[in-house]
Amino acid sequence: MHSNESSGTADDPSPAPAAGTATAVLPEVPDVTAVQPKAEAPDALGAKLEADRVSAWFGDHKVLERVSLTMEPGSVTALIGPSGCGKSTFLRILNRMHELVPSAALAGEVRLDGTDIYAPGQRVTETRRRIGMVFQKPNPFPAMSIDENVTAGLKLTGGRRRRDERQELVERCLTKAGLWREVKDRLSQPGSSLSGGQQQRLCIARSLAVQPDVLLMDEPCSALDPTSTRRIEETIAELRNEVTIVIVTHNMQQAARVSQYCAFFLAEEGSPGSVVEQADTETMFGSPSDPRTSDYIHGRFG
Amino acid sequence: MTNAKPVGTATVDVDTPRAIDPGLPVADRVFRGGARAVGLLVLAIMASIGVFMFSESGIAFDEFGWSFFTEHRWALETNQLGVLSLLVGTVTVAAVAIAIAVPFALTTALFITEYAPLRARRTLIALVDLMAAVPSVVYGLVGLILFQPYLADIARWIHDFFGWIAILDVPGADPDTTNWNNTAHQYTSSAFIAGVAVALMVMPVCAAVMREVFSQAPAGEREAALALGGTRWGVIRSVVLPFGRSGIVGGTMLGLGRALGETIAIALIIVPAFDVKLRILENGTITIASQIILRFGESSPLQLSALMFAGLVLFVFTLIVNTIAAAVVSRSRSGAATEI
């Protein structure tokens with residue numbers, strides 16, 4: 001079943017399996033959104049996301065200490081580190097989900113293509129539309145069918161589409177998420193009828209439908225079996241040519257496989273989490289400069 | 001279950017279900033017995049109420065038979081008694097109450113769960129619950145003395161503009177009259193005014209059920225909607241309302257149950273009128289429960305039996321409404337959260 005799936009994406013004409021074909025898909029991106037013209041040149045691969053000395057608190061408890069990290073367009077940045085080191089908190093700061101927790105506070109700046117998303121006057125809904133998120137637990141809307149799930153973001157952000165445009169969008173997003181071939185004959189079934197891995201890919205398709213510049217993934221595979229995990233990783237590899245991807249993972253092999261850039265978070269006893277080391281993935285896994293990084297990626301703790 | 005084998009001759013070659021001893025611990029057995037007994041007791045009480053009312057209404061049934069359901073008069077002198085106008089009045093008042101209470105309850109519940117800041121939330125919940133604790137006679141008095149003069153004005157206004165709709169007509173009254181003081185009484189003591197008073201006591205009950213269900217809408221789906229760039233209203237539309245559908249139905253039906261059985265507030269406000277009508281703004285109506293309370297003390301044995309019969313009709317009617325609601329609620333995802 002698996003080999004069938006992976007070869008399937010390759011000979012499907014519409015998806016973007018490699019960098020070469022992906023650029024061919026890109027020009028049609030602007031006329032689908034037309035909501036937010038990108039600040040950079042039209043051939044930009046997503047947007048640049050910079051965290052600048054970000055600290056975070058829950059009440060009086062400081063959980064993150066001056067994290068600075070640049071997430072480049074066209075790349076996958078992996079955030080690794082043991083549980084409770086603030087990776088997920090950091091990820092949720094990147095699209096303003098952090099502030100939903102009543103006692104949460106933060107310091108520093110997060111810049112999307114140079115603009116601070118926390119600056120006064122920045123609309124939080126528009127920020128979240130541009131910086132999408134895929135959660136640990138697949139969370140399709142169970143009351144909606146598969147295609148309604150994909151287009152749910154359009155309704156939520158007030159975007160109206162003609163019927164044929166919508167159908168085309170559904171197909172394109174599901175194809176990008178590597179799900180189209182499995183669900184094309186049952187688009188009107190509820191999203192909850194899919195398997196866990198399929199649901200997660202549906203959530204990815206749903207995130208893509210609002211044309212985000214950045215896609216944040218919070219341990220997207222931790223609830224999935226190895227086959228589904230591999231499908232998601234393939235999807236990530238294909239998507240990085242059009243959106244900047246930031247992924248939190250506990251799986252070292254996964255971080256090594258999917259990411260180009262890597263940041264190691266650690267919260268040492270009694271102190272808030274911070275980035276111990278950040279480097280391109282090869283360096284990080286080949287010759288880490290900090291002994292704690294080396295210990296962690298070789299499974300000696302955490 | 002039947003082929004319990006002696007130990008040793010293992011069930012290697014026997015491909016039939018084995019007997020498995022559930023081995024329920026003593027504590028569980030005791031609890032199960034206790035819970036079962038209480039559950040049966042509830043059913044027994046319900047059944048005995050039904051049986052009691054059925055036997056008490058025997059005299060009336062012997063006298064009137066099925067015509068009790070088609071007779072709208074309650075003429076004490078000639079003993080022409082029937083439940084038709086009572087039943088129609090009951091449904092009318094309850095419908096008015098629900099039509100007013102449910103939109104208020106829905107928006108109140110949504111405000112509390114989705115918009116109110118955390119601290120205001122607790123205060124609001126306490127206040128709404130307090131509304132449910134106010135005795136219904138107080139709502140009756142408030143409706144009669146405080147609200148009625150204003151509601152009569154509103155009724156006239158509705159009559160003036162929407163009188164062409166049959167149920168909002170008040171025959172014989174002129175909404176444009178200059179002599180309002182002589183016309184006002186045609187708009188008082190109506191099903192509309194009784195319905196408003198009942199709505200006041202039904203609203204907190206509906207709101208409590210809806211709030212409880214809305215607050216249980218899965219956090220994961222809420223976050224999904226927000227992360228897509230949704231507003232709070234978007235979250236309500238795409239997550240909270242679909243999830244809370246059963247809570248809305250459940251809360252409405254619970255409120256309807258209360259509205260159908262409401263007695264004293266209605267008895268205080270209305271003027272008994274035994275014609276079968278749906279004109280809610282017009283002076284005079286009657287409901288089963290208020291007729292029982294108004295007539296109970298001064299009835300002949302036959303009339304008393306007729307009141308019991310009417311009570312039995314209400315009992316069965318409420319039971320049907322609740323059963324339908326339970327069926328609707330149990331079919332949906334959030335159904336487990338509501339008890340009606």
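Numbers for the structure displayed
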| item | result |
| --- | --- |
| Charge tally in the Cβ shell below 15 Å around B:Ile286, where Lys, Arg are +1 and Asp, Glu are -1, B:Ile286 excluded | 0 |
| Exposure ranking of B:Phe274, B:Phe296, B:Phe214, B:Phe54 by accessible area [1.4 Å probe, largest first] | B:Phe54, B:Phe296, B:Phe274, B:Phe214 |
| Solvent accessible area, Å² - B:Val134, 1.4 Å probe, full protein context | 50 |
| Heavy-atom surface of region B:69-331, accessible at 1.4 Å and reported per residue (Å²) | 43 |
| Estimated distance in nm for a label pair at B:Arg232 and B:Ile45, the labels positioned 7 Å out from Cα along Cα-to-Cβ | 4.1 |
| Residue-by-residue Karplus 3J(HN,Hα) for region A:95-109, coefficients 6.51, -1.76, 1.60, Hz, glycine and proline x | 10, 6, 8, 4, 6, 6, 6, x, 8, 6, 9, 8, 10, x, 10 |
| Amide H within-cut-off set for B:Ser190, under 5 Å, with H built and near neighbours excluded | B:Gly284 |
| Portion, in percent, of the accessible area of region B:69-331 that falls on carbon or sulfur, probe 1.4 Å | 68 |
| Heavy-atom accessible surface of region A:153-225: percent carbon and sulfur, 1.4 Å | 41 |
| Buried on assembly, region A:153-184 (at least 30 Å² less accessible surface than by itself, 1.4 Å probe) | A:Leu156 |
| Dipole in debye (nearest 20) - chain B, about Cα centre, beta carbon charges: Lys, Arg +1; Asp, Glu -1 | 1240 |
| Computed accessible area, A:His61, all protein chains, 1.4 angstrom probe, square angstrom | 120 |
| In Hz, Karplus ³J(HN,Hα) per residue of region B:167-183 (6.51, -1.76, 1.60; θ = phi - 60°; x = Gly, Pro) | 6, 9, 8, 10, x, x, 9, 10, x, 8, 4, 8, 9, 4, 4, 8, 9 |
| Charge dipole (chain A, unit charges on Cβ, about Cα centre) - positive-most of A:Val214, A:Gly74, A:Ser289 | A:Val214 |
| Within the protein assembly as shown: Cβ-based charge dipole about Cα centre, in debye rounded to nearest 20 (Lys, Arg +1; Asp, Glu -1) | 460 |
| Two-decimal ratio, region B:69-331, of alpha-carbon radius of gyration to 2.2 N^0.38 Å | 1.14 |
| Furthest towards positive pole of dipole, B:Pro135, B:Ser305, B:Ile158, structure part region B:69-331, Cβ charges | B:Pro135 |
| Area buried, chain B against chain A - accessible surface, total, 1.4 angstrom probe, square angstrom | 1600 |
| For A:Lys137, solvent-accessible area (1.4 Å; no DNA, RNA or ligand), Å² | 150 |
| Of B:Val329, B:Val276, B:Ala184, farthest towards positive along the dipole that unit charges on Lys, Arg, Asp, Glu beta carbons give region B:69-331 | B:Val329 |
| Nearest 10 degrees, 0 to 90: helix B:148-162 Cα axis against chain B principal axis | 90 |
| Antiparallel DSSP beta bridges within chain A, as percent of all bridges there, nearest 5 | 55 |
| ³J(HN,Hα), Karplus 6.51/-1.76/1.60, whole Hz, each residue of region A:52-61, x for Gly, Pro | 10, 6, 8, 10, 9, 10, 10, x, 8, 8 |
| Given chain B, longest segment not containing exposed loop GluC sites (Glu not before Pro) (DSSP; at most 14 other Cβ within 10 Å) | B:78-338 |
| By accessible area with a 1.4 Å probe, ligands and nucleic acids excluded, highest first: order of B:Trp164, B:Trp74, B:Trp157 | B:Trp164, B:Trp157, B:Trp74 |
| Ranked order, B:Phe309, B:Phe162 - accessible area, probe 1.4 Å, largest first | B:Phe162, B:Phe309 |
| Cβ-based net charge around A:Gly84, under 12 Å, with every Lys or Arg adding one and every Asp or Glu removing one | -1 |
| Exceeding the 26 Å Cα-Cα cut-off - candidates A:Lys137/A:Lys176; A:Lys87/A:Lys155; A:Lys48/A:Lys176; A:Lys48/A:Lys184 | A:Lys87/A:Lys155; A:Lys48/A:Lys184 |
| Degrees, to the nearest 10: A:2-11 long Cα axis against longest axis of chain A | 70 |
| Per-residue [θ]222 nm for chain B (sum of -39500 (n - 2.57) over DSSP H runs n ≥ 4, rounded to 500) | -20000 deg cm²/dmol |
| Protection-proxy order for peptides B:118-128, B:83-93, B:190-200, each taking the mean of Cβ atoms within 10 Å per residue, highest first | B:190-200, B:83-93, B:118-128 |
| Calculated [θ] (222 nm, deg cm²/dmol) that DSSP helices of n ≥ 4 give over chain A, each run adding -39,500 (n - 2.57) | -10500 deg cm²/dmol |
| Listing of region B:191-233 residues, each with accessible area lower by at least 40 Å² in the full protein assembly than in the chain alone (probe 1.4 Å) | B:Glu221, B:Glu223, B:Ala224, B:Leu226, B:Ala227, B:Leu228, B:Gly229 |
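The values are calculated or read from the model by the stated rules, or taken from the named source; none is laboratory data. None of these values were measured; they are calculated from a predicted model. When we count neighbours, we look across all protein chains shown, and the Cβ atoms used for this are built from the backbone with ideal geometry, even at glycine. With ligands, DNA and RNA removed, areas are computed over all heavy atoms of the protein, side chains included. Shrake-Rupley method; radii C 1.70, N 1.55, O 1.52, S 1.80 Å.
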